[in-house]
Amino acid sequence: MTREALKRLEPGLPAAWYHDPAHYQRELDAFWYARWVVVAREEELPKPGDWCVARIGTQSLVIVRDEASNLRAFHNTCRHRGSILCTEEHGNFARRRIVCPYHSWTYDLAGQLVATPRRMETPDFNMQDFQLYAVAVETWGGFIFVNLKGRDAPPLDVGSLDAQFKRYRFGELRIGKRIVADVQANWKLLAENFSECFHCPPVHPELCRIVTAYRAAGAWGLRGPESKPQYAEEAQTLTLDGTARLPAIGTLTEEERKTVYVPAMLPPSLFLNVQPDYVNAHRMTPTGPQSVRIVYDWLFEPERLPLAEDDLQHYVALWDITNRQDARNCEWQQQGMQSREFQHGYYVPQEFDCHRFAQWVREGLAGQKPADQAER
């Protein structure tokens, strides 16, 4: 998408949309329960019977690899009386059976009820009527996506990302490091923060030392040809000193090898920081009106793993610092928005991608009945 500065100040979304519980429910329904959301990496479920739990808003899901090695997803809910099925975060169904911990109703990996121990028989009971509630599941680039609309879900569409990053072979990369953070801020603040670099000079001095274009506070390239370079001289990748300890991903073009950094976002849940020799991926899901959980993964070519601890930290350090800085500032913003006087923010010219995101949110909510307090 082209970079084009806004021609005027544009109003942000209503402040109540960032903390009002009723409006939060609207957004869960419009975005998180009706669209494709990334929940895991395929490598986390390598063999039949492997499973993990994913949470989106109030919904708990079980992602499992079935006996034919296909991925399936179900609500983490027994059809008997509603108990959760999986009480841990991940594991393997060694007997290829999903057993409810409450009354032992038992399902196969396709979600079909196969046993109801100790149940007295009645003529109206048919096991075919009690399959687990299925959730649509698809993959792209090694990422597992789910859609709670189930059979009504449209095909997964990643837009231009597939062509843009084809040679980076995301699906073949493997997790070298994972950091999980709970951030006390509305999910949209994290998305907006990712969409602009107006904040970069005061917030991210380490990042600006390598991506020197960010010293222009997001205005680099918007005012005509630039005489200053986009990256620090001799920078090879995004690390604290700009040096690389790994070769570039083998299938990249010469131009891609020289491109130190490419950001990309697939709303509402996936954010990508793409470098020539590794990828830093953010997987975000809301946990409340004013909180999110973010899983940060550092992805590398499998033949480069495991990295020595010093080499791994070399690659982790810059994005770990930057991600913590972003989380802190979004939390401060969340606190400031509680003011009774604050109605909405404003987007300055170089925050054009924030404005695009806000328009995406407005369009996604179009036709829905507003929450009582959401339009204040």
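Taken along its principal axes, the alpha carbon cloud of segment 223-362 reaches lengths of 52, 40, 25 Å, longest axis first.
What is the calculated FRET efficiency for E303 to R3, with r their C-beta to C-beta distance and R₀ = 41 Å, to the nearest 0.05? My answer for the efficiency is 0.70. Largest accessible area first, the residues M120, M284, M127 order themselves as M120, M127, M284 under a 1.4 Å probe with ligands, DNA and RNA left out.
How would segment 100-175 be classified by its alpha-carbon gyration tensor: rounded, prolate or oblate, with rounded meaning a/c under 1.5 and the a/b versus b/c comparison settling the rest?
On the way: a/c = 5.36, a/b = 2.66, b/c = 2.01.
Prolate shape, in that a/c is at least 1.5 and a/b is the bigger ratio.
Using a/c under 1.5 as the rounded threshold, could you call segment 1-85 rounded, prolate or oblate? The axes a ≥ b ≥ c are square roots of the C-alpha gyration tensor eigenvalues, and prolate needs a/b larger than b/c, oblate otherwise. Oblate is the answer for segment 1-85, as a/c is 1.5 or above yet b/c matches or exceeds a/b.
Can you bin segment 53-206 into rounded, prolate or oblate? Criterion: square roots of the alpha carbon gyration tensor eigenvalues sorted a ≥ b ≥ c, rounded for a/c under 1.5, prolate for a/b above b/c, oblate for the rest. It would help to have the intermediate numbers written out before the result.
Values: a/c = 2.51, a/b = 2.07, b/c = 1.21.
Verdict is prolate for segment 53-206.
Computed extension gain for I84 through T58, at 0.36 nm per residue and net of the alpha carbon distance, reaches 8.1 nm.
Secondary-structure-derived ellipticity at 222 nm for the chain, considering helices only, amounts to -6000 deg cm²/dmol, per-run term -39500 (n - 2.57) for DSSP H runs with n ≥ 4.
For the chain, report the accessible area per residue in Å² (1.4 Å probe, heavy atoms, rounded to an integer). Numbers along the way, then the final one.
Numbers: 18280 Å² over 376 residues.
Per residue, the chain has an accessible area of 49 Å².
For segment 254-260, 3J(HN,Hα) computed residue by residue from phi via the Karplus equation (6.51, -1.76, 1.60; θ = phi - 60°) reads 4, 5, 5, 5, 8, 8, 5 Hz, glycine and proline entered as x.
The angle separating the long axis of helix 352-365 from the principal Cα axis of greatest extent in the chain is about 30 degrees.
Here the gap between V180 and R356, fully extended at 0.36 nm per residue and compared with their Cα-Cα distance, gives a gain of 60.6 nm. Whole-Hz Karplus values for segment 172-187 come out as 8, 6, 10, 6, x, 7, 10, 10, 10, 10, 9, 10, 8, 7, 5, 4 Hz, taken residue by residue from phi with 6.51 cos²θ - 1.76 cosθ + 1.60 and θ = phi - 60°; glycine and proline positions read x.
Put a plus charge on the Cβ of each Lys and Arg, a minus charge on the Cβ of each Asp and Glu, and nothing anywhere else: the dipole of segment 1-73 about its Cα centre is then about 260 debye.
In segment 99-164, which trypsin sites (Lys or Arg not before Pro) fall in coil by DSSP and have 15 or fewer other Cβ atoms within 10 Å?
Values: sites: R118, R119, K149, R151; in loops: R118, R119, K149.
Those satisfying the criteria are R118, R119, K149.
Ranked from largest to smallest solvent-accessible area, with a 1.4 Å probe on the protein heavy atoms, D353, D310 come out as D310, D353.
Computed from label points 7 Å out along Cα-Cβ, the spacing between Q313 and Y133 is 4.6 nm. A cysteine counts as unpartnered when no other cysteine's C-beta lies under 4.7 Å of its own; in the chain this applies to C52, C86, C208, C330, C354.
Residues whose amide H comes within less than 5 Å of that of A115, counting only those at least five positions distant or on another chain, are T106 (H built at 1.01 Å from N in the peptide plane).
In segment 54-105, Cα pairs under 8 Å separated by at least six residues give a relative contact order of 24 percent. For the pair A34 and K258 in one chain, pulling the backbone fully straight at 0.36 nm per residue adds 76.8 nm over the alpha carbon distance. Contact order, relative form, for the chain: 24 percent (alpha carbon pairs under 8 Å, 6 or more residues apart, mean separation divided by residue count).
Remark: segment 150-159, residue by residue, has Karplus-estimated 3J(HN,Hα) of x, 5, 8, 6, x, x, 5, 10, 9, x Hz, where x stands for each Gly or Pro and the curve is 6.51 cos²θ - 1.76 cosθ + 1.60 at θ = phi - 60°.
The values are calculated or read from the model by the stated rules, or taken from the named source; none is laboratory data. Keep in mind that this is a model prediction, so the values were computed, not measured. Using ideal geometry, Cβ is built from the backbone for each residue, glycine included, and neighbour counts are taken over all protein chains shown. Keep in mind that these areas ignore ligands, DNA and RNA; they rest on the heavy atoms of the full protein, side chains included. Shrake-Rupley method; radii C 1.70, N 1.55, O 1.52, S 1.80 Å.
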